[in-house]
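A.B. asks: Submitted below is the structure of interest, expressed as structure tokens.
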Amino acid sequence: MSEANQEKLDAFLGKMVGDLGAIATGAGVLLGDRLGLFKALREGGKMTAAELSTRTGTQERLVREWLSGQAAAGYVDYDEASDKFYLNAEQELVFADEDSPAFMAGAFEFLSALWLDEEKVRQAFQSGKGVGWHDHSACLFRGTERFFRPGYNANLIDSWLPALEGVVEKLERGVDVADVGCGHGASTVLMAQAFPNSRFVGFDYHAPSIERARKAAEVAGVGVNTRFDVAAAKSYPGTYDLVTFFDCLHDMGDPTGAATHVHGSLKPDGTWMIVEPFAHDHLAANLNPVGRVY
């Protein structure tokens, strides 16, 4: 074994301290999100720990620890003179505004499944059987919808669909659309609201997600032109003018099989719309902060 360079070792240990802090802070973000602490800070402005605990029905001692940790991470701002904490405008968009395209609290929720499902993944490493999407903890499904929905709200109708030649015109006239891997139905409902003349079917093989999607459609008032069915990407029924895959193809066990089925389900002039996180084709180009997440 080669002898370690002390300067490089110290720098690497410094990186480890930062990563450990990120892990600890991530758990704090989950707590703040679920307890409504971030949203209470947004609504109440500058507050002491006592004021925030009163506003949220939580314990002051623990709230002070939470605020201190979030402030150390730069996720909450602290005014030393008044001993009060607050969210700046950017922090509000990231942690407290679920309609903001920059909202990130959902990401902390779905990534918590990496820890909760560690035992399943360990077994998969040894058996080679993999871990099905449906085998994950419920936080994965909730967090995924909360993380991606703001991006769909900001881009799907006004930017992504218009980028496909002739598709918006078809949707306005009225066509058949399949949203595959729809999860809780955020993308399906959004399209159904924008194009009431078209008919939308959301497919997902995860039955609990389909139940949530049906409720979302009912609340949104799009039940007339929308339905949700349990079906896999390789076997969903019907033929369609537009088939959409939003942030799901990379999670499928057989993406080639799914693509083959899409080809067979498209009408002669149909369109397959795929939205995926950007990545390079070679590992070396993906050794960056985004690569760490995906």
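Laboratory data are not the source of any read-out in this text; all were calculated from the coordinates shown. Predicted model only: the values in this text are computed from it and were never measured. As a convention, Cβ positions derive from the backbone with ideal geometry for all residues, glycine included, and neighbour counts pool all protein chains shown.
A.B. asks: Placing +1 on the Cβ of each Lys and Arg and -1 on the Cβ of each Asp and Glu in the stretch 158-269, which of G202, T244, A163 has its Cα farthest towards the positive end of the resulting dipole?
C.D. replies: G202
A.B. asks: When we measure straight from the Cα of K15, which aspartates and glutamates land under 17 angstrom away, once same-chain ones fewer than 8 places off are left out?
C.D. replies: E7
A.B. asks: Still on this structure: Quick one: the Cα spread of the chain along its three principal axes, in angstroms, biggest first?
C.D. replies: 66, 57, 33
A.B. asks: Are there GluC sites (Glu not before Pro) in the stretch 51-117 that DSSP marks as loop and that have at most 16 other Cβ atoms within 10 Å, and which are they?
C.D. replies: Loop-located and lightly packed - E80, E98.
A.B. asks: Shifting gears a bit: Positive end of the charge dipole of the stretch 6-97 (Lys, Arg +1 and Asp, Glu -1 on Cβ, about the Cα centre): tell me which of G57, N88, S68 has its Cα farthest that way.
C.D. replies: Result: G57.
A.B. asks: Using only DSSP helix segments of four residues or longer, with each worth -39500 (n - 2.57), what per-residue ellipticity at 222 nm results for the chain after dividing by its residue count and rounding to 500?
C.D. replies: When only DSSP H runs of four or more count, the value is -15500 deg cm²/dmol.
A.B. asks: A follow-up question, please. Rounded to the nearest 0.05, what FRET efficiency is calculated for E119 and R55 with R0 set to 45 Å and r the Cβ-Cβ distance?
C.D. replies: Calculated transfer efficiency: 0.75.
A.B. asks: Find the centroid of the Cα atoms in the stretch 80-98 and in the stretch 220-243, then give the distance between the two in whole Å.
C.D. replies: That distance is 41 Å.
A.B. asks: Could you compute Rg(Cα) / (2.2 N^0.38 Å) for the stretch 6-97, with N its residue count?
C.D. replies: 1.19
A.B. asks: Just going by the charge dipole of the chain, with Lys and Arg at +1 and Asp and Glu at -1 on Cβ, which of G143, A4, H282 is farthest out on the positive end?
C.D. replies: Towards the positive end, the residue furthest out is G143.
A.B. asks: Also, quick follow-up: If you average the alpha carbon positions of the stretch 246-277 and of the stretch 1-74, how far apart do those two centres end up, in angstrom?
C.D. replies: 40
A.B. asks: Something else: Select from the stretch 162-215 those GluC sites (Glu not before Pro) which occupy a DSSP coil region and have at most 13 other Cβ atoms within 10 Å, ordered by residue number.
C.D. replies: E165
A.B. asks: Which one of G128, G238, G257 has the biggest mean-square fluctuation once the chain is modelled by GNM with Cα springs under 10 Å?
C.D. replies: Sorting by GNM fluctuation, first place goes to G128.
A.B. asks: So, one more: By how many nm would the segment from V131 to A102 lengthen if fully extended, with 0.36 nm per residue of separation less the alpha-carbon distance?
C.D. replies: 7.5 nm
A.B. asks: Below 8 Å, C-alpha to C-alpha, sequence gap of six or more: please give me the relative contact order for the chain in percent.
C.D. replies: 11 percent.
A.B. asks: Let me ask something else about it. Grab the other residues whose beta carbon is less than 14 angstrom from that of A207, score K and R as +1, D and E as -1, and report the net.
C.D. replies: -1
A.B. asks: Right, here's the next one. To the nearest 20 debye, what is the magnitude of the charge dipole of the chain about its Cα centre, counting +1 on the Cβ of each Lys and Arg and -1 on the Cβ of each Asp and Glu?
C.D. replies: With only Lys, Arg, Asp and Glu charged at Cβ, the dipole is about 660 debye.
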